[in-house]
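Everything on this sheet refers to the single structure shown next.
The values are calculated or read from the model by the stated rules, or taken from the named source; none is laboratory data. Computed from a predicted structure; not experimentally measured. Cβ placement follows ideal geometry from the backbone for every residue including glycine, while neighbour counts extend to all protein chains displayed.
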């Protein structure tokens, strides 16, 4: 009798136990698991350098097509909100944009996040306005580029892909509106444009980045601590016009008649971009007192780019109505203007407005 070799015996047993070689038995087979769908992220394109190619601006759809590999991170949707330079966006469009974002999150519970493209010149202003008016903790990411699509070294597609990745990242929830350029994630409240041309222009200076977008994953190191988005008390759902607030720069020998003219033209608030920690120059003190006498709020900020204005009586306003004097804390002048505009839609109480400047 021919003897069965061990290897043949093994094959025979395998065939008896599993009709198809290599197939797991029903008792040991792992249950099939359906792959979870990619996060849904919507692009709202407003224009800016990221779209401004020679011969015409890129559309939202063209921006989506500029990102190879996007499908690995998100299911993209898109719409063209506007297609202009950031400095041409109006305050009415700001209100409409905030309402559109709030509507999208309300109407589509499956939406993971929203990416907004913007020109970089006033990007930090648009982002901070959204930080105060979006009513969801889902991520809103503002993206731009320093070079246009017709320029060698255009970085817009890379920034936009990073923006989609951040918007799709679950860890981005609850961190307020985010600004993403140059592989870095910054808070809308803290970030500012620091250079007219360089790619690393958006920085949060002493505060530092919130996180980075690397090849393997999105990494966060910290989170904002001020009130924003879902925790904000500002509601723009029925506001048709924001109150006028102007910004005045302090410089040697400056005159106060400019402040008086702003008041006479209907300003409801004035933000002083002061020298150092609150100093004015020339006759600006007289202009500030004129504003206070007319019931116009005066917010003192600093033109230095960093540092905090404490809540105390600035010398130039010593004889003015104290409840109309507001300290901007560490907000840049252009952002102090945004907060004051929104604050004036809710109250004319100086103590309440000062509270807002300490919390936002």
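Some points to look at:
- The strands (runs of 3 or more DSSP E) located wholly in region 117-196 include none with 1 or more residues which are in the same structural domain as residue 333 (by TED's automatic domain parsing) and within 24 Å of residue 59 (Cβ to Cβ).
- Among the residues of this structure, residue 71 does not count as one that is modelled with pLDDT of 95 or more, surrounded by 12 or more Cβ atoms within 10 Å (Cβ to Cβ) and more than 18 Å from the chain's Cα centre (by Cα).
Results for (1) modelled with pLDDT of 95 or more; (2) more than 18 Å from residue 118 (Cβ to Cβ); (3) crowded, with 24+ Cβ neighbours inside 10 Å, shown as yes or no for each residue.
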residue: 152; (1), (2), (3): yes, yes, no
residue: 155; (1), (2), (3): yes, no, no
residue: 161; (1), (2), (3): yes, no, no
residue: 166; (1), (2), (3): yes, no, yes
residue: 174; (1), (2), (3): yes, yes, no
residue: 179; (1), (2), (3): yes, no, yes
residue: 182; (1), (2), (3): yes, no, no
residue: 189; (1), (2), (3): yes, no, yes
residue: 193; (1), (2), (3): yes, no, no
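- The selection criterion, being surrounded by 14 or more Cβ atoms within 10 Å (Cβ to Cβ), over 17 Å from the mean Cα position of the chain (by Cα), more than 20 Å from residue 333 (Cβ to Cβ) and in contact (Cβ under 8 Å) with a residue 12 or more places away in the chain, holds for residue 235.
- Which numbered condition residue 212 misses (of (1) more than 28 Å from residue 108 (Cβ to Cβ); (2) in a strand (DSSP E or B); (3) under 11 Å from the mean Cα position of the chain (by Cα)): (3)
- Filter pass, residue 243 being crowded, with 19+ Cβ neighbours inside 10 Å and assigned to a loop (DSSP other than H, G, I, E, B): no
- Test for residue 58: is it touching a residue at least 40 places away in the same chain (Cβ under 8 Å), under 30 Å from residue 244 (Cα atoms) and surrounded by 21 or more Cβ atoms within 10 Å (Cβ to Cβ): no
- In this structure, residue 76 qualifies as under 21 Å from residue 161 (Cβ atoms) and surrounded by 18 or more Cβ atoms within 10 Å (Cβ to Cβ).
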